[in-house]
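Taken together, the values in this text are just the output of simple stated rules run on the coordinates, not laboratory data. Every value quoted in this text rests on a predicted model; they were computed, and no experiment measured them. Note: ideal-geometry Cβ built from the backbone for every residue, glycine included; neighbour counts use all protein chains shown.
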Amino acid sequence: MTPGIKGHTINNKDKVETELNINVLVVDDNQINRLLISKVLKKWGANVDFAENGIEAIEKIELHKSFDVVLMDIHMPLMGGLEAIEIIRSKSDPYFKKLPIIALTASILNNEMGQIESAGINDYILKPFDTNTLYDKLSRYKKQ
């Protein structure tokens with residue numbers, strides 16, 4: 001086999017550890033986004049649950065209280081991510097105040113940056129997401 005033939009090169013920067021011991025709630029109204037994120041997270045060994053809007057997200061978080069991190073889309077019907085996060089953060093139980101929430105958004109405008117910071121979001125990821133960036137951000141919250 002000749003070196004350099006397309007499809008036979010190894011790019012180490014795209015290699016990601018596969019053991020991500022973490023429970024993730026993915027909140028996104030777009031089914032394709034949920035499927036893509038699910039495929040990536042399961043490949044890394046993460047446990048994944050889903051919600052299609054902020055209302056479902058709040059219900060699942062209150063019911064289970066077992067998520068290590070939430071990936072929250074900002075723009076959704078019924079209840080968007082910022083409103084859901086404000087409700088989650090307003091609850092008295094320390095779990096709701098400390099739960100890491102990473103915003104998923106297609107773009108961040110200057111005025112949205114202030115809203116994101118004041119809503120109590122820990123971090124954000126731009127869509128379409130880079131798998132290495134997603135892994136790096138999620139690995140901060142994995143169980144030891």
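Things worth noting here:
- Simple spin-label estimate for Leu78 and Asp136 in nanometres, 7 Å along Cα-Cβ: 3.4 nm
- For region 53-99, the alpha-carbon radius of gyration amounts to 1.04 times the rule-of-thumb value 2.2 N^0.38 Å expected for a compact globular protein.
- Diffusion coefficient, µm² s⁻¹, Stokes-Einstein with Kirkwood Rh over alpha-carbon pairs of region 59-144 at 20 °C and 1.002 mPa s: 159 µm²/s
- Gln31-Tyr95 pseudo-label distance in nm [points 7 Å out on the Cα-to-Cβ vector]: 3.1 nm
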